[in-house]
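Down below is the structure, laid out as structure tokens.
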Amino acid sequence: QVQLVESGGGLVQPGGSLRLSCAASGRTFSSVAMGWFRQAPGKERAFVASISWSGGSTYYADSVKGRFTISRDNAKNTVYLQMNSPKPEDTAVYYCAAGLSSRAVGSSEYSYWGQGAQVTVSS
């Protein structure tokens, strides 16, 4: 069982930066892959990034590649999403999720979810 709590959301200006955190409880955190998804109003939940249990492999959606960075600290049971140069189209509720494989990009392949954090990119 893994419980996830996101933090760090808020309002950010285009071109700025923001870091989301996801704190996990449960002794299995270091053995699971972690992912970030987002859902904008009227749209389906979409894959953003994922990271393997060791942190050695990362995957990104094309829309965020080169701007966002996913990382994890297994000693702190925390996964991060560093958002650099955000754009208005990045505005969404961001969710962290835990699953078996970091190669999974479908939301149905992740078993545990946080409650979500709102990110609004606007000047």
remark   = Selection from segment 1-29 of residues open to solvent by less than 50 Å² (accessible area, probe 1.4 Å) and either of a type in the set (Val, Ile, Thr) or on the phi > 0 side of the Ramachandran plot (or both) yields Val2, Gly8, Gly10, Val12, Gly26
query = Among the residues of segment 43-57, how many are assigned to a loop (DSSP other than H, G, I, E, B) and buried (at least 16 other Cβ atoms within 10 Å of the Cβ)?
reply = 4
task = Could you check, for segment 4-17, whether at least one of its residues is acidic (Asp, Glu) and either in a strand (DSSP E or B) or under 23 Å from Asn74 (Cα atoms) (or both)?
result = yes
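Please state which one of Tyr80, Tyr94, Tyr60 is of a type outside the set (Lys, Arg), open to solvent by less than 70 Å² (accessible area, probe 1.4 Å) and in contact with an Asp or Glu (Cβ under 7 Å, 6 or more places away or on another chain). Spell out how you get there, then give the answer.
Details: Tyr80 fails: in contact with an Asp or Glu (Cβ under 7 Å, 6 or more places away or on another chain); Tyr60 fails: in contact with an Asp or Glu (Cβ under 7 Å, 6 or more places away or on another chain).
Selected residue: Tyr94, the only one of Tyr80, Tyr94, Tyr60 that is of a type outside the set (Lys, Arg), open to solvent by less than 70 Å² (accessible area, probe 1.4 Å) and in contact with an Asp or Glu (Cβ under 7 Å, 6 or more places away or on another chain).
Out of everything in segment 45-59 that is within 16 Å of Val119 (Cα to Cα) and free of Cβ contacts under 8 Å to residues at least 60 places away in the same chain, what residue ends up being farthest from the chain's Cα centre (by Cα)?
Quick first cut of segment 45-59, residues within 16 Å of Val119 (Cα to Cα) only: 45-49.
Retained after the next criterion (residues that are free of Cβ contacts under 8 Å to residues at least 60 places away in the same chain): 46, 48-49.
Working: Ala46: 11, Val48: 7, Ala49: 6 Å.
The extreme case among them is Ala46.
Can you say whether Asp73 is out of contact with any Lys or Arg (no Cβ under 8 Å at 6 or more places or on another chain), closer than 18 Å to Ser7 by Cα and open to solvent by 10 Å² or more (accessible area, probe 1.4 Å), as far as the supplied structure shows? Give the derivation first.
Values: out of contact with any Lys or Arg (no Cβ under 8 Å at 6 or more places or on another chain): yes; closer than 18 Å to Ser7 by Cα: yes; open to solvent by 10 Å² or more (accessible area, probe 1.4 Å): yes.
In short, yes.
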request  = Go through segment 30-42 and give me each residue that's closer than 14 Å to Gly106 by Cα and either of a type in the set (Phe, Trp, Tyr) or open to solvent by 10 Å² or more (accessible area, probe 1.4 Å) (or both).
outcome  = Trp36, Phe37, Arg38, Gln39
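Could you list, in sequence order, the residues of segment 99-123 that are closer than 30 Å to Gln13 by Cβ, at pLDDT below 90 and not hydrophobic (A, V, I, L, M, F, W, C)? Talk me through it step by step, then tell me what you get.
To start, the set of residues in segment 99-123 that are closer than 30 Å to Gln13 by Cβ comprises 105, 107, 113-123.
If we keep only those that are at pLDDT below 90 as well, we get 105, 107.
Residue satisfying the conditions is Ser107 alone.
Table: residues versus (1) within 13 Å of Ala98 (Cα to Cα); (2) at pLDDT 95 or above.
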{"site": "Cys22", "(1), (2)": "yes, yes"}
{"site": "Thr28", "(1), (2)": "yes, no"}
{"site": "Gly35", "(1), (2)": "yes, yes"}
{"site": "Arg38", "(1), (2)": "no, yes"}
{"site": "Arg45", "(1), (2)": "no, yes"}
{"site": "Trp53", "(1), (2)": "yes, no"}
{"site": "Gly56", "(1), (2)": "no, no"}
{"site": "Ala61", "(1), (2)": "no, yes"}
{"site": "Val64", "(1), (2)": "no, yes"}
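The values are calculated or read from the model by the stated rules, or taken from the named source; none is laboratory data. This one's a predicted model, so the numbers in the text were calculated from it and none came from an experiment. Cβ: placed from backbone, ideal geometry, glycine included. Neighbour counts: every protein chain shown. When the accessible area is computed, the model is the full protein with side chains, heavy atoms only, and any ligands, DNA or RNA have been set aside. Shrake-Rupley method; radii C 1.70, N 1.55, O 1.52, S 1.80 Å.
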